[in-house]
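Data block below; observations after.
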Amino acid sequence: MSDLIRAEFLKLRSTRTALGLFIAALVASVLPAALVMSLVPHDMLSDGGATIAASGLTLVPILAVVFGILGMTNEYRHGTITYTYLATPRRGIVIVVKLVCYGIVGTAVMAATALLVVLTIALIAALRDIALPWLTASNVSDLETLRDAGMFLLTTGLMTAFGVSLGALFRAQVPTVAGTVIWALAAESIIALVKPRLGIYLPFAAFQQLTMGGALRTGEADAIMSSLTRPEAFLVAIAYISVFSVAAVFISMRRDVT
Amino acid sequence: MAVIEAEHLSKRFGKKVLAVDDVSFGIEPGTITGFLGPNGAGKTTTLRMIVDLVRPTAGTVRVLGGRYRDLTHPTTRVGALLDASGFHPGRSGLNALRVVSRAAGIGYDRVDSALEMVELSGVAGRAVKGYSTGMKQRLALACALLGDPEVLLLDEPANGLDPEGMKWLRGFLRAQAAEGRTVLISSHVLAEIEQTVDRVLIISKGRLLAQGPIAQLAAGAAAVVRVRSPQAQKLEELLLQKGAGVNRLETALAIRGPSSAEVGELAHANDIVLHELLSEQPSLEDLFLQIAGTRRES
């Protein structure tokens, strides 16, 4: 198993897919943060508007799903799955190792990106002499804040693993990526509008609710929609990942590699 | 005991495509066996069933006494070249092999020696997308050799090789045989492996038509009569009327069925001038055509 894990990390290091995720995450989050902090008027940022600067981070979990899909579908696209299964004919282990490794990399990329976003905001705030109460040492080390940050990282890891299971299930790269992005960004919102009670149980809604601890505490979420509690959202997310992962393992074991 | 043993192996894709149909064979240790057949005959599917990449619809296949998936460190027992294009284009040849060796629990020192064996050490750091077809073929061969396996399965290893590469491959196969490895090598270009293999399996349209040593199969096959004549077309028509198998290329005929004496007498009786008349032992290609043709007729 440890050999297989090291092989998986070597695969990630020896191509540009993981680097691509990191660059995409930086473009989606650090760049907007820098622009907002540099261009938005002083008083708007002091009033808490600086949190908007960090909003690009919410796109990173979606990028992580795509990264997970690419990790699995690339094996089929480039035919490397043949050598993967020749070396490890127990296909279930291959999928489980991929889920774990990609989950770890997704989490690490999210952590590095979030750190860079916070540093970017803090640096520009210091240069423009803007006071940001949410960036004070006492606030950052607050238990609830740390829990929210941890949940954000966990969610990104889970979503990356979810992407791997989607890739293993559907194999075809472009339709899987396109279908997932459309589902996450459009289809779920439409379903939530038509059937709000059903909407909160959909996979990406569950993932999103996992990261909304702060909003739930302040009651902002209630204004948007009725939500699951964080433990409920966690259970729903885990249920989706478990079902899709088991299905991915089951189908991969039976699928011919031609 | 046979190293590879297939019993009543069949594979159906969907409802319409029967890729392999009730195939049974055994591969003896230390032999080089040619797995011959035209494109789409079922060779690749059979090889992939041996290593558990494709699940048989019916029948069983055992390698080294068990299923491939039950072997401990399978790549150290069985090396397979199945897909020369199966490498990530952005990954270097060296890393492509390192990934496989790491997953298979094989040390990196074997990566270096496998690259040396296929003469790719000098370009190992280059991304695979910059490799020629022949270089990819050699990289795939290095991948098969990583675990220093006792059994080699090679699916069309000569694809993309230039004449120099072909010569190298023949030498390579002879060296493998000299080391006592068992090799099963598939090809649709029969001439390229004729000089190398001990035994053949002949497959067409999913069915195994013949198997055994080439000499044994050739002994049971009719010789090919080669004729050169300015009236080749007229002679061809006469031979076809008599039920012979004839291939004509301008003034040259390759005839299966009648003996050289019978062909000579037929030409003489019809005032046909012959510039050349000789009887040849059948090549592997002739043998294949005879066997495939006979089975098709029956």
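Structure notes:
- With coordinates expressed along the principal axes, the C-alpha atoms belonging to the protein assembly as shown extend over 112, 51, 48 Å, beginning with the largest.
- C-alpha center-to-center spacing [the stretch B:93-147, the stretch A:64-109] in angstrom: 21
- Residue by residue along B:84-92, Cβ atoms of other protein chains within 10 Å of the local Cβ number 5 on average.
- Only lysines eight or more places from residue B:16 in sequence, or on another chain, were considered; those with a Cα closer than 20 Å are B:43, B:205.
- Amide H to amide H distances under 5 Å link residue B:20 with B:11, where only residues 5 or more positions off or on other chains count and H is placed in the peptide plane.
- Length gained on full extension, residue A:251 to residue A:194: 17.2 nm, using 0.36 nm per residue less the C-alpha separation.
- Rounded to the nearest 20 debye, the dipole magnitude of the protein assembly as shown is 760 debye, with +1 charges on Lys and Arg beta carbons, -1 on Asp and Glu beta carbons, and the Cα centre as origin.
- Counted charge near residue B:90, where neighbours are those whose Cβ lies closer than 10 Å (Asp, Glu -1; Lys, Arg +1): +3
- A cut-off of 5 Å between modelled amide H atoms, ignoring neighbours fewer than 5 places along the same chain, links residue B:244 with no other residue.
- Most positive-pole-ward Cα, B:217, A:35, B:263, against dipole of the protein assembly as shown from beta carbon charges: A:35
- Dipole magnitude (debye, nearest 20) for the stretch B:84-170, charges at Cβ of Lys, Arg, Asp, Glu: 360
- Beta bridges by DSSP in the protein assembly as shown, antiparallel share as percent, to the nearest 5: 65
- Table column - 3J(HN,Hα) (Hz), the stretch A:64-81, Karplus curve with 6.51, -1.76, 1.60, x for Gly and Pro: 5, 4, 4, 4, x, 4, 4, x, 8, 5, 4, 4, 7, 4, 9, x, 5, 4
- For the peptides B:271-284, B:83-96, the ranking by packing is B:83-96, B:271-284, with the highest mean count of neighbouring Cβ atoms within 10 Å listed first.
- Within the shell defined by Cβ-Cβ distances under 13 Å, the residues around residue B:178 carry a net charge of +1, with Lys and Arg each +1 and Asp and Glu each -1.
- The stretch B:142-212 - convex hull of the alpha-carbon atoms, volume per residue in Å³: 106
- Shielding value for B:140-149 is 1, the average number of Cβ atoms from other chains within 10 Å of each residue's Cβ.
- Pairwise Cα separations in chain A fall into 10 Å bins from 0 onward with the following percentages, short to long: 7, 28, 32, 21, 9, 2, 0.
- Ellipsoid semi-axes in whole angstrom, largest first, where each is sqrt(5λ) of the Cα gyration tensor of the stretch B:1-130: 30, 18, 14
- From phi via Karplus (6.51, -1.76, 1.60), per-residue ³J(HN,Hα) for the stretch B:60-65 in Hz, x at Gly/Pro: 9, 9, 10, 10, 6, x
- Note that the stretch A:29-36 has calculated 3J(HN,Hα) couplings of 10, 5, 4, x, 4, 5, 5, 4 Hz, one per residue in order, obtained from phi through the Karplus relation 6.51 cos²θ - 1.76 cosθ + 1.60 (θ = phi - 60°); glycine and proline are x.
- The distance from the alpha carbon centre of the stretch A:226-243 to that of the stretch B:22-63 is 47 Å, rounded to a whole number.
- Note on the stretch B:48-115: Kirkwood radius taken over Cα pairs, Stokes-Einstein applied at 20 °C and 1.002 mPa s, translational D equal to 158 µm² s⁻¹.
- Per residue, the average separation of C-alpha pairs within less than 8 Å and at least 6 apart gives the stretch B:7-148 a relative contact order of 23 percent.
- Coarse-grained scattering of the stretch A:1-147 at q = 0.13 Å⁻¹, given as base-10 log I(q)/I(0) from a Debye sum over alpha-carbon atoms: -0.67
- Proximal charge balance of residue A:19 [Cβ under 15 Å; K/R count +1, D/E count -1]: +4
- Residue-averaged [θ]222 nm for chain B, counting only DSSP H segments that reach four residues, each worth -39500 (n - 2.57): -10000 deg cm²/dmol
- C-alpha center-to-center spacing [the stretch B:161-182, the stretch B:222-247] in angstrom: 37
- Helical contribution to [θ] at 222 nm, DSSP H n ≥ 4, -39,500 (n - 2.57), averaged over chain A, rounded to 500: -24500 deg cm²/dmol
- From the largest down, chain B spans 72, 43, 37 angstrom on the principal axes of its Cα atoms.
- Put simply, the amide H of residue B:35, placed in the peptide plane, has neighbours under 5 Å in B:185, B:186, B:187, B:201, leaving out anything fewer than 5 places away on its chain.
Read-outs: derived from the displayed coordinates by stated rules, not from any lab. Note that the coordinates shown come from a computational prediction; the quantities given were computed from them, not determined experimentally. All Cβ positions, glycine included, derive from the backbone under ideal geometry; neighbour counts span all protein chains shown.
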